[in-house]
Amino acid sequence: MQGPLTRLFLFFGQGTPSTRRKLISLAAGCAIFLVLLPLLFIWFGGVVEARILRILEGTPRIVVWVCIPLGLVIIAWAVITLWQRGQGTPAPTAPTTTLVTSGPFRLCRNPIQLGAMLYYLGLGTWLSSSILVGILAFLFALLAASLYNRFIEERELEARFGEAYRAYREKTPFLVPRLRR
């Protein structure tokens, strides 16, 4: 079953078009695809942006008040757990002597990264008064820390703790905590 637009295109597709029809078609295509549609999309983008900004108006304050303390609590909990249970620190110059899989490390393998990302989201939003800057700080931290953890830290932990770390890595999520067992 063909719709009216398909039938119209099939009608115009019959025979060899004249030079005049080709030029008119090119001009119409340029007008539609290089002027009309871009202006429509830009106008629509402005409408959507205005609505999103209205919705997000009160968000920066909430993000600051939630993310900064939550991020710091997660970081502190992870560092204290490493100090007490692993007899070391997150710093590669004073690492843990045992593999730590308890405390926040039972929820995800990188709680310090998670806490730092939340903290950066809140701090970036607070210092710039812009949720966008906070989100960008969050995303940059996600990228940089994930690359470090995946390609440096995980290899070092596997070299130090062997099968115990491989088993832990298999059952524990990388970053997003699994709150239910």
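Being out of contact with any strand residue (DSSP E or B) (no Cβ under 9 Å at 6 or more places or on another chain), exposed (fewer than 10 other Cβ atoms within 10 Å of the Cβ), without any contact (Cβ under 8 Å) to a residue 60 or more places away in the chain and under 30 Å from Tyr120 (Cβ atoms) is true for just one of Arg54, Arg20. Which residue is that?
Arg54
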### Message
Whether any residue in segment 160-167 is in the same structural domain as Val64 (by TED's automatic domain parsing), more than 15 Å from the chain's Cα centre (by Cα), acidic (Asp, Glu) and surrounded by 15 or more Cβ atoms within 10 Å (Cβ to Cβ) is what I want to check.
### Response
no
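Residue under question is Ala137, and the condition is that it be under 22 Å from Leu53 (Cβ atoms) and of a type in the set (Gly, Ala, Ser); does it hold?
Judged against the criteria, Ala137 is a match.
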For segment 1-58, the count of residues that are of a type in the set (D, E, K, R), over 24 Å from Ile131 (Cβ atoms) and under 32 Å from the mean Cα position of the chain (by Cα) equals 0
Val73 vs (1) loosely packed, with under 15 Cβ neighbours inside 10 Å; (2) in contact (Cβ under 8 Å) with a residue 12 or more places away in the chain; (3) not in a helix (DSSP H, G or I): all pass except (3)
Within segment 136-181, the count of residues that are farther than 19 Å from Ala91 by Cβ and touching a residue at least 40 places away in the same chain (Cβ under 8 Å) comes to 11
Ser129 fails exactly one of (1) surrounded by fewer than 18 Cβ atoms within 10 Å (Cβ to Cβ); (2) at pLDDT 95 or above; (3) of a type in the set (Gly, Ala, Ser), namely (2)
Flagged in segment 107-153 as among the polar types (S, T, N, Q), within 13 Å of Val176 (Cα to Cα) and assigned to a helix (DSSP H, G or I), in numbering order, are Gln113, Ser146
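Here is a yes/no grid of residues against (1) closer than 30 Å to Arg160 by Cα; (2) in contact with a Phe, Trp or Tyr (Cβ under 9 Å, 6 or more places away or on another chain):
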residue: Glu49; (1), (2): no, no
residue: Val64; (1), (2): no, yes
residue: Thr81; (1), (2): yes, yes
residue: Gly88; (1), (2): yes, no
residue: Thr96; (1), (2): yes, yes
residue: Gly103; (1), (2): yes, yes
residue: Gln113; (1), (2): yes, yes
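The values are calculated or read from the model by the stated rules, or taken from the named source; none is laboratory data. Everything numeric in this text was worked out from a predicted model, so none of it was measured. No Cβ is skipped: glycine too gets one built from the backbone with ideal geometry, and neighbour counts run over all protein chains shown.
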